[in-house]
1. So if I average 1/r over every pair of distinct C-alpha atoms in the stretch 1-102 and take the inverse, what Kirkwood radius in Å does that give?
2. Compute the long axis of helix 115-129 from its Cα atoms, compare it with the longest principal axis of the Cα atoms of the chain, and write down the angle in degrees, 0 to 90, nearest 10.
3. For the stretch 46-97, what mean projected area does the convex hull of the alpha carbons give, in nm²?
4. Of all the accessible heavy-atom surface of the chain, with the other protein chains kept in place and a 1.4 Å probe, what percent is carbon and sulfur?
5. Of all DSSP beta bridges located in the chain, what percent are antiparallel, nearest 5?
6. Subtract the Cα-Cα distance of residue 28 and residue 65 from 0.36 nm times their separation in residues, and report this length gain in nm to one decimal.
7. Residue 125 accessible area, nearest 10 Å², 1.4 Å probe?
8. At 1.4 Å probe size, with no ligands or nucleic acids counted, give the accessible surface of residue 128 in Å², nearest ten.
Amino acid sequence: MSAPEIVELTPYSPLWPAVFALERDRLAELFAGDTVEIEHIGSTAVPGLGAKPIIDVMLGAQNLAIIEQRIEALAADGYRYVKEFEMSIPDRRYFDKREGNPGRFHLHAVVRGGEFWLRHLRFRDALRSDPALAQRYWKVKQSLAARHRGDRSAYIEGKSDFIRGVLQGAPRK
């Protein structure tokens, strides 16, 4: 059994968008020939918002088969495919990259325009457009990280009510 992943938050880094841009370009090369969109999501995508120093990337393709055809290429680039996460979110292919430059990444590969895609963009855009809301979210995250430092699942679950509340008030695209 592996050691639990510690929840460690850091203040916002203005380097996060640049790190994302480098990885976006690498992913675009890996998916050359297919029409995909690659978005920076999660807290590192919101100026001024602290986060775990892991860049969340969302790759949207026309269908999951396009993503599945690139699993080996993603592995060769350092991504680990975490198939067991499909049990809880079957419409997403999840990968992580823990080593290498320019940093650590979580890759959420989904159908562009699907519910996962739309929900994550709505949440990101709501935080980007309302700095006070982003600061409230930062306080929630800090409180949860202090309470659940050694329990990443509890930390993630603890954010759910806040996220749901934001999404209920966020405009649909």
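The values are calculated or read from the model by the stated rules, or taken from the named source; none is laboratory data. Computed from a predicted structure; not experimentally measured. Cβ atoms come from the backbone with ideal geometry, glycine included; neighbour counts cover every protein chain shown. What goes into the accessible areas is simple: the full protein's heavy atoms, side chains included, and nothing from ligands, DNA or RNA. Shrake-Rupley method; radii C 1.70, N 1.55, O 1.52, S 1.80 Å.
1. On the way: mean 1/r = 0.0673 Å⁻¹.
Every distinct Cα pair counted, the radius reaches 14.9 Å.
2. The two axes meet at around 50 degrees.
3. Working: hull surface 18.7 nm².
Here the figure is 4.7 nm², rounded to one decimal.
4. Details: 5020 of 9330 Å².
Taking all protein chains in place, the chain shows 54 percent carbon and sulfur surface.
5. Numbers: 14 of 21 bridges.
Taking every DSSP beta bridge with both residues in the chain, the antiparallel ones total about 65 percent.
6. Values: separation 37, 0.36 × 37 = 13.32 nm, distance 1.66 nm.
Length gained between residue 28 and residue 65: 11.7 nm.
7. It works out to around 40 Å².
8. 110
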